[in-house]
Each structure stands twice: as structure tokens, then as C-alpha cells.
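The values are calculated or read from the model by the stated rules, or taken from the named source; none is laboratory data. In this text, all values refer to a predicted model and were calculated from it rather than measured experimentally. Cβ coordinates were reconstructed from backbone atoms using ideal geometry, including for glycine residues, and neighbour counts include every protein chain displayed. Surface accessibility is based on the protein's heavy atoms, side chains included, excluding ligands, DNA and RNA. Shrake-Rupley method; radii C 1.70, N 1.55, O 1.52, S 1.80 Å.
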Amino acid sequence: MAVVTAPRILLVASALLLASCSAREAPKTTRTGANATTENARQCMAGLKEKSVRFAGLPNKSFDGGCRTIDTVKLMDFGTPATNLGAMTCPLAANFTDWARYAVRPAAKQYLGAEVVRIETMGTFNCRNIYGMRSGKLSEHAFANAVDVSAFVLRDGRRVSVLTGWNGSSEERAFLRRLHQSACKRFGTVLGPDYNAAHANHFHLDMARSMRNGTSFCR
């Protein structure tokens, strides 16, 4: 009978443990290709560069369940730091940076008398259905075509959240309503606290258009 030494036993056990960890942590299988597959995407990315927006083009990926990230970018710097930004379709990124520059910043100075130093979001890409339901239509988040904005931090330390500010002080209410109105001119769909309870704590901004006439859906 062969004798198995202690060092050999430890070596085999370590190999099995590593294999087990790798299996548990393996990501879902995706199909990956080059980014910027269309002329519109290339023009959009060129437009971001012209506006001095720093970004990284991301590879195209398709996930189980129909989710995908096609012609997406990762925003690196557009003048105002923002949290939790992942993959975004280029049109979404372009409109989001314009909204931050030409709506959020001026409105903060006008209504709150301070500069916005951070925009807080709940993220962009999320492979899920609308409202996180088990069945139904995929959310625009499943295509990296939506971003949820939850709060704004000012240079003087104040934090204006959608949850408390929507019905907060007169200045906070005016500030957030101006941003909501401005977003309706830039995004295909804008949902806020007046839409339903699920949006009480954030603005949902995406580039989808109304199925009826192609106009924006703003609530």
C-alpha cells in the first residue's frame, strides 16, 4: 500500500480548496466584442471628447436573460464627481454630463447659493426587470441605458436628497423640481417622487422614448 505523506495531503487539499473557490466566484458567461460598433456610437464618443469629458470605452457584452451593454462608456471626469457610475450607453452619458453641467450646477447656485461637489447615484447597469419584479419587461438598466440619481452634496457640506428634499425646504423643493423639469428636456423617460412610491428616493433617467409617439415620458 502506498504511503501518502503529510506534505502531499496538504498539497492536494490546497488544490481542491482553490478549485472550489474559483468555481464559486466565476462570473456569468458573457459574449464580448469590440466597443463602438455603430457610426452613431463613434460620433457620440467623439462628441464627448470635444466637450472635454474623460471616459473609457467598454467592450460590448451580452448576458443571460437578454441583458446587454452595447456601445457603452465609463465616465471618468466631466467636472462634477458622481458616485456609482458604471457602464452607460454613450447617449445616456452625453445627456447626463450635459445635465450636470448646464442644469445641476446653475440650479444649485441659483436656489441653494452653493456649488455641487458630488452627485450621488444608485448606479446604471443592473440586469433586472422593471421595479425588480421576477417577470415582465426588462428595465432600461438592463441595457445600461438608465441612471438613478439620489442626492446632491454641496461645497458647504449640505446634502440634498430626493427623498427628503422633494418635500423639504422651499429652496430644496425649487432646486429639485428645476432639475426634474430640465431632465425631462434631455432624457426619454424621467420618473420621480410624484410618479410612485418606488421612486420616492431618486430620479430615474433613461433614454427610452414613449412607445406611442416617440416623445419623452416625464412624471
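Observations
- Overall size of region 81-160 from C-alpha positions, given as principal axis extents largest first: 45, 23, 18 Å.
- Take region 67-185 with all the other protein chains still there, run a 1.4 Å probe, and you get 44 Å² of accessible area per residue.
- Sites S216 and R155 - FRET efficiency at Förster radius 30 Å, r taken between beta-carbons, to 0.05: 0.45
- Full extension of the chain segment joining Q110 with A198 gains 28.8 nm, where the gain is 0.36 nm per residue of separation less the Cα-Cα distance.
- Over region 135-219, relative contact order from alpha-carbon pairs under 8 Å, at least 6 apart, %: 30 percent
- Scattering curve values for region 58-215, log₁₀ I(q)/I(0), Debye with Cα scatterers, q = 0.12, 0.15, 0.21 Å⁻¹: -0.50, -0.78, -1.42
- Pairs from the list K74/K137; K109/K137; K61/K137; K49/K137 with a Cα-Cα gap above 31 Å: K109/K137; K49/K137.
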